[in-house]
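Below you'll find the structure, written out as C-alpha cells, and then a few comments.
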Amino acid sequence: MNTLLNRELSWLELNRRVLDLASDPSEPLLERVKFCGIFSSNLDEFFMVRVAGLLDQVIGRVNVRSPDGRTPAQALAEVRQGVLDLCHRQSDLWRNDLCPALGSEGIRVGTVADADEREIAALAGTFERLIFPVLTPLAVGPGQPFPYISGLSLSLGVNVRNPDSGEERFARVKVPEGLPRFVAAGDNGLLVPLEDVISHYLDLLFPGMNVTEQTAFRLTRDGDTEISDDADDLLGAVETELRRRRFGAVVRLEVADSISQPMVDRLVERLSIRPDVVYPVHGMLDLADVMQLCDLDRPDLKNEPWVPRTQRRISSPRDNDLFAEIAAGDVFVQHPYDSFGTSVEAFVRAAANDPQVVTLKTTVYRTSEDSALAPALMQAAENGKQSVCLVELKARFDEQRNIEWARSLEKAGVHVAFGFPDLKIHAKTILVVRREGDRLRRYVHIGTGNYHARTARMYEDVGLFTADPDIAADVADLFNFVTGFGRPQEFRKLLVAPFHMRKKLVEHIRRVATAAENGEHARIRLKLNNLTDPSIIEELYKASQAGAQIDLVVRAICALTPGVPGLSENIRVRSVLGRFLEHSRIYCFESGEDRTYLMGSADMMTRNLDHRIEILVPVETVLARNEVETILKSLLADNTNAWELAADGTWTRVMQPKGERRKTAQSMAMRRRARSRRTTPR
C-alpha cells in the first residue's frame, strides 16, 4: 500500500470543498457567488503551475514517479477527469441554483435573448458607446497569421463567410479586459455577460459578411518562472523570465461545449496543443468574474461586515509607548480579528518616526499599495535611520509589483536586497533597533502572513511582537546573512530553514513519540496550509505507531493518509474553510509535562524546509500560549465549516450533531474580540 496521497488530487479536493461552500444554502447568497468565483480563480493558478509542471514532464517523457507512486501521465489523466467533473458541477450550480436565486433577489443574470425591447435598446447604446470602439477583430488568411492570444483572456472564435465569393475565414475577437464582465441592460436588474453582448452585434464587426459560427474560448498558459541558480543579476533575470511567461506554453483550452469539432480542430492545430488540454464547458466560461457581482450594494445578501478590533494589550500601551508595551511582554495578534492597522502598521510607523529608533529592517514577499510598510521604510530613510528591505523578487505572480516596489524604495534611499536565486525569502519579519539610555534594544515582529493591508482583512494570520533578546538577535543574524556574505551560526531560539528547521521539527516529533512509548502524555497538533514532505510524514506515522495522538488542521494539500490501522490510526486530519482564508501556521508538541508552541511562515513542504528562508518562532509567554490554545481548540471544535479526511483521500463535511449548537472557529474568534476589545478603524 502506498502511504502517501497525490498532491495534485489533494489540491482538487480543496477546490471541491470550496464548491461545497458555494453550494451551501445556509451561506448568504453573494458569499456563495464569491466562493463560486474563487473556485475558478484557484483552478487558473492550479493549471498555470501544477498542471503545467505535469505537462512538461509528460512532453519531455520524464517518467519519474511522484512520492505517491503515480507517473506524470497517470497523474495528468486523473487530474483531467477530476477537473471535468468539478467544472460540470460548478456549471450546474451556477445555471440551476445561483442564477435563479439571484433572479429571485432582483439580480437577473441572463443573455440578450432575455432582454425586452427597452433593455435591448439600452444594450445597443452601451455597445455603441463603450464596447464597439475597443474591439479589434483579427482574421486569419493570406498575410494575416494566427494572432497571439494571451493567457487567461476570453475570446470569441468566429467563422465568417463572404456571401459573394464563398470564401470563409476564421477570426478572433478578444473580449476587452478593461470593461466589466457584466453589462447592465437598463435599470431593471438584467446583467448580460460582455461576450454575449459582443456576439449579438458581431455583424457590425464584419459588415457584409455572414457569421456562420461563433463560440467562446479561453487559454491558460504556463505561468511558472525558472530562474537560474547562478544568476548574477537577479532583478534582470526575473524581468527576462516575466517577459517569457507571456508566451508560455498553452496548458488548457476552455471552449464552450456547443463548439463544432472543426472549430476545435482548427484551434488545436493553430495553437499546437495536445487534444487532452481541451476542456469543454457547459455554459459561461471564466466564472471567476462572477465575484464582480459581490460588489453590488446588497448588504442583505452578504455576511455582516467585520471590523477588526485593537488588541487589548496595545489599545492603551504603557505610557502611550508601543515599544514599552512589547518590552513588558510578548504581544500576540490574530488577523483579521485583531486590527492589522493598529498593530503591525502602527509598529512600523512608530519605528519610522520615533527619534530613538536607529534601524528599521523588514522582509517583503507580497505587499500592497495601501500598506504602511513601504511608506514607513521611506520615512525612516528620510529621517536618517538605517532602512533595509529584503524584497523577494520571485514571489509567484507578484514579481512585477515587487520589482516596482524595489525601485521605489531604492529611489527613497532604502537599502534593498534581493536575496538569492536559489532560495526564496518567505520569512515574514520586522526588526527595529532602538536607543534606550546607554544601550540599543531590538524589537521584532514575526508573522505568518504577508505585510499586505488588503489580504490582512481577508486572510487569517497570526503574529508575535517581542523584545526577547535571543529571538531578536536571531532575526538580526538572519538579516545580516541575507544582505551580507557568510554562513549563519547556530540560532538561539528560532527554527530557520533551510539550515536546521527540518532537523528541529523531526526532533520535536520524535520527542513526542518517545513520550508515547514511555506511557506519558503525547500529542501533536499542527495547523498548516499544506503537508506534503515525505520525511516529515514518515515521522508522524512513526509517532502515531508509538501511540501519540495527532490532530492536523490542513487547509489545502495533505499527502498524509490518516486512519490506516498499524500506520496512522492515531492521526486525524481536518480542513477548515470560511469567510476568511485560514493561512496561519501553528505547531504544538506535547510530551509529558513539556509543551512547545511554534508559529511562523513555514508549511511542512519540501520547498519550505529545504529551498526557502523560513522562520518558526517559539511562543513562550503564558498569555500568548493561551491565545494559541484557543485557536487550536476552536478549530478542532468546529462542527459547521470543517471537513475530515478519510484514508482513501476523500473529504467529508462535518455534520453538526443533533441538538448541538452551531460552532465555527471564525465566528467564535469574532465573538471573543467583540466581547473583549473595542472597535477601531481598519
Before we move on, is GLY151 part of a loop (DSSP other than H, G, I, E, B) and crowded, with 19+ Cβ neighbours inside 10 Å? yes
Long-range neighbours under 6 Å by Cβ, at least six apart or interchain, first residue without any contact (Cβ under 8 Å) to a residue 40 or more places away in the chain within the range 134-159, second assigned to a loop (DSSP other than H, G, I, E, B): LEU138/PRO147
Criterion violated by PRO67 - all others in (1) in a loop (DSSP other than H, G, I, E, B); (2) in contact with a helix residue (DSSP H, G or I) (Cβ under 6 Å, 6 or more places away or on another chain); (3) surrounded by fewer than 17 Cβ atoms within 10 Å (Cβ to Cβ) satisfied: (3)
Any residue in the range 610-637 that's assigned to a strand (DSSP E or B): show its pairings with residues that are surrounded by fewer than 22 Cβ atoms within 10 Å (Cβ to Cβ) and modelled with pLDDT of 95 or more at Cβ separation under 6 Å, as long as the two are six or more apart or on different chains. PRO618/LYS493
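Within the range 408-419, is even one residue within 14 Å of ASN450 (Cα to Cα), at pLDDT 85 or above and surrounded by 19 or more Cβ atoms within 10 Å (Cβ to Cβ)?
Residues of the range 408-419 within 14 Å of ASN450 (Cα to Cα): none.
Checked against the condition, which is being within 14 Å of ASN450 (Cα to Cα), at pLDDT 85 or above and surrounded by 19 or more Cβ atoms within 10 Å (Cβ to Cβ), the range 408-419 yields no hits at all.
Would you confirm, using the coordinates I've provided, whether VAL333 is modelled with pLDDT of 95 or more, touching a strand residue (DSSP E or B) at 6+ places or on another chain (Cβ under 7 Å), outside any loop (DSSP other than H, G, I, E, B) and buried (at least 24 other Cβ atoms within 10 Å of the Cβ)? So that I can check it myself, show each step before the final result.
Details: modelled with pLDDT of 95 or more: yes; touching a strand residue (DSSP E or B) at 6+ places or on another chain (Cβ under 7 Å): yes; outside any loop (DSSP other than H, G, I, E, B): yes; buried (at least 24 other Cβ atoms within 10 Å of the Cβ): yes.
In short, yes.
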Enumerate the pairs (first residue in the range 45-69 and without any contact (Cβ under 8 Å) to a residue 40 or more places away in the chain and of a type in the set (Phe, Trp, Tyr); second residue anywhere and surrounded by 18 or more Cβ atoms within 10 Å (Cβ to Cβ) and assigned to a helix (DSSP H, G or I)) with beta-carbon separation below 9 Å, excluding pairs fewer than 6 apart on the same chain, so at least 6 apart or on different chains. PHE46/GLU8; PHE46/TRP11; PHE46/LEU12; PHE46/ASN15; PHE46/VAL79; PHE46/VAL83
Search the range 292-314 for residues that are under 14 Å from PRO28 (Cα atoms) and pair each with any residue that is assigned to a loop (DSSP other than H, G, I, E, B) and not charged (D, E, K, R) when their beta-carbon atoms are under 8 Å apart and the residues are at least 6 apart or on different chains. LEU293/ILE107; LEU296/ILE107; ARG298/ILE107; PRO299/PRO305; LEU301/PRO28; LYS302/PRO28; ASN303/PRO28
Selection from the range 336-374 of residues that are of a type in the set (A, V, I, L, M, F, W, C), surrounded by fewer than 23 Cβ atoms within 10 Å (Cβ to Cβ) and in contact with a strand residue (DSSP E or B) (Cβ under 6 Å, 6 or more places away or on another chain): VAL357, VAL358
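If we keep just the residues of the range 451-470 that are surrounded by fewer than 24 Cβ atoms within 10 Å (Cβ to Cβ) and among the hydrophobic types (A, V, I, L, M, F, W, C), which is nearest to ALA327 (Cα to Cα)?
Step one: list which residues in the range 451-470 are surrounded by fewer than 24 Cβ atoms within 10 Å (Cβ to Cβ), which gives 452-455, 457-459, 467-470.
Add one more test, that the residue is among the hydrophobic types (A, V, I, L, M, F, W, C), and what stays is 453, 458, 467.
Working: ALA453: 25, MET458: 29, ALA467: 5 Å.
So the residue we want is ALA467.
Hey, can you tell me all the residues within the range 336-379 that are closer than 22 Å to PHE479 by Cβ, of a type in the set (S, T, N, Q) and in a loop (DSSP other than H, G, I, E, B)? Walk me through it before giving the result.
Of the residues in the range 336-379, the ones closer than 22 Å to PHE479 by Cβ are 343-354, 356-367, 371-379.
Narrowing further to those that are of a type in the set (S, T, N, Q): 343, 353, 356, 359, 362-363, 367, 371, 379.
Within the range 336-379, GLN356, THR367, SER371 qualify.
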Being aliphatic (A, V, I, L, M) and modelled with pLDDT of 95 or more, is that true of even one residue in the range 58-68? no
Identify, by number, the condition in (1) modelled with pLDDT of 95 or more; (2) under 31 Å from the mean Cα position of the chain (by Cα) that GLU517 doesn't meet. (2)
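Could we say that SER165 is under 36 Å from the mean Cα position of the chain (by Cα), modelled with pLDDT under 95, farther than 19 Å from PRO280 by Cβ and not aliphatic (A, V, I, L, M) here? Before you say what the answer is, go through the steps one by one.
On the way: under 36 Å from the mean Cα position of the chain (by Cα): no; modelled with pLDDT under 95: yes; farther than 19 Å from PRO280 by Cβ: yes; not aliphatic (A, V, I, L, M): yes.
In short, no.
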Residue selected from the range 70-96 under the condition basic (Lys, Arg) and in a helix (DSSP H, G or I), by the criterion nearest to ASP44 (Cα to Cα): ARG80
Every residue from the range 461-512 that is in the same structural domain as HIS611 (by TED's automatic domain parsing), of a type outside the set (D, E, K, R) and part of a helix (DSSP H, G or I): MET501, LEU505, VAL506, HIS508, ILE509, VAL512
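Quick grid of which residues meet (1) in a helix (DSSP H, G or I); (2) under 21 Å from MET458 (Cβ atoms); (3) under 18 Å from the mean Cα position of the chain (by Cα):
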site: LEU12; (1), (2), (3): yes, no, yes
site: ARG16; (1), (2), (3): yes, no, yes
site: LEU19; (1), (2), (3): yes, yes, yes
site: GLU27; (1), (2), (3): no, yes, no
site: LEU30; (1), (2), (3): yes, yes, no
site: LYS34; (1), (2), (3): yes, yes, yes
site: ILE38; (1), (2), (3): yes, yes, yes
site: SER41; (1), (2), (3): yes, yes, yes
site: PHE47; (1), (2), (3): yes, no, yes
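The values are calculated or read from the model by the stated rules, or taken from the named source; none is laboratory data. A quick note: this is a predicted structure, and the numbers were derived from the prediction, not measured. Here the Cβ is made from the backbone with ideal geometry for all residues, glycine too, and neighbour counts use every protein chain on show.
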